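In what follows, a single structure is set out as structure tokens and then discussed.
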Amino acid sequence: MVMLAPSPIHRDIERVVLAETQIQQRVRELGGQLSTDYAGRTLTLVGVFAGAALFLADLARAIAPTVTVHLDVVGVSSYGHGTTTNGRPTITQIPELPLANRDIVLVEDIIDSGATVWFLREQFQLVWGARSVRVCALLDKQPHLCRAEYLGFACDPVFVVGYGLDYAEAYRGLPYVGVLKPSIYQSA
């Protein structure tokens, strides 16, 4: 097993809440759960673009070859350049694959208010005709209201970036999840 060296902390990060090694271990565990639940079947992973792109790629590789995995993305906007959701998600990019009668796992970077997950579940089932829709989220800010069947981590209600999560499209490439210094977004 290759051990990952700790990544240097970006100057705009107040503190790291999930190290790269913690994230990768949990992604492997989630891949194992999906491998068991969908063994011998075809599973379509649909990532919420762009935030879930890194999580989607790592998760797909963590699923055993006993599962046939198809990948797609859906674009949804509900944040803009702010730090809180506006509660009104809109689709900015539709999936390319036909989704009717497919087993879908929606791969989300973070569940904040739950509005995007609720909206997309409805879209996938009622509009696009998916057979089943489950959610795999890396983070949930409200674990007592968790709407993900597969959850990486509960998260305090702070503004986090890294591992796909962004502020104004920056910080996605950080290999860890960290709290962004409030001075970065309060001055904007």
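In the set (1) within 29 Å of residue 24 (Cβ to Cβ); (2) modelled with pLDDT of 95 or more; (3) polar (S, T, N, Q); (4) outside any strand (DSSP E or B), residue 101 fails one condition alone, (1). Just so you know, in region 152-164 the residues that are surrounded by fewer than 19 Cβ atoms within 10 Å (Cβ to Cβ) and not in a loop (DSSP other than H, G, I, E, B) include one that is modelled with the highest pLDDT, and it is 153. Of the numbered criteria (1) out of contact with any Cys (no Cβ under 9 Å at 6 or more places or on another chain); (2) modelled with pLDDT of 95 or more, the one residue 106 fails is (1).
Cβ-Cβ contacts under 6 Å between residues 6 or more apart (or on different chains), taken from a first residue in region 22-44 that is closer than 20 Å to residue 72 by Cα to a second residue that is of a type in the set (Asp, Glu) and not in a loop (DSSP other than H, G, I, E, B), are listed as 27/58; 43/103.
Of the listed requirements (1) among the aliphatic types (A, V, I, L, M); (2) in contact with a helix residue (DSSP H, G or I) (Cβ under 9 Å, 6 or more places away or on another chain); (3) surrounded by 18 or more Cβ atoms within 10 Å (Cβ to Cβ), residue 91 misses just one: (3).
Out of region 39-63, which residues are in contact with a strand residue (DSSP E or B) (Cβ under 7 Å, 6 or more places away or on another chain) and either more than 29 Å from residue 92 (Cα to Cα) or part of a helix (DSSP H, G or I) (or both)? Hits for region 39-63 are 41, 53, 55, 56, 59, 60.
Scanning region 169-188 for residues that are part of a loop (DSSP other than H, G, I, E, B) and over 13 Å from residue 51 (Cβ atoms) yields a total of 5. Looking at the structure I just gave you, is residue 145 in contact with a Gly (Cβ under 7 Å, 6 or more places away or on another chain), modelled with pLDDT under 90 and closer than 24 Å to residue 29 by Cβ? Yes; evaluated as a whole, the condition is true for this residue. Sub-7 Å Cβ pairs linking a first residue in region 106-130 that is more than 17 Å from residue 164 (Cβ to Cβ) and of a type in the set (Gly, Ala, Ser) to a second residue that is modelled with pLDDT of 95 or more and assigned to a strand (DSSP E or B), at least 6 apart or interchain, are 130/104, ordered by first then second residue. On the stretch given as region 101-114, residues that are touching a Ser or Thr at 6+ places or on another chain (Cβ under 6 Å) and either of a type in the set (A, V, I, L, M, F, W, C) or surrounded by 23 or more Cβ atoms within 10 Å (Cβ to Cβ) (or both) total 1. Scanning region 53-82 for residues that are of a type outside the set (A, V, I, L, M, F, W, C), surrounded by 17 or more Cβ atoms within 10 Å (Cβ to Cβ) and at pLDDT below 95 returns 78, 79.
Of the residues making up region 165-187, none is surrounded by fewer than 18 Cβ atoms within 10 Å (Cβ to Cβ), free of Cβ contacts under 8 Å to residues at least 40 places away in the same chain, in contact with a Lys or Arg (Cβ under 9 Å, 6 or more places away or on another chain) and farther than 24 Å from residue 25 by Cβ. Taking the conditions (1) touching a His at 6+ places or on another chain (Cβ under 6 Å); (2) modelled with pLDDT under 95 in turn, residue 44 satisfies each one other than (2).
The values are calculated or read from the model by the stated rules, or taken from the named source; none is laboratory data. None of the values given here were measured: they were computed from a predicted structure. Counting neighbours? That spans all protein chains shown, and the Cβs are built from the backbone with ideal geometry, glycine included.
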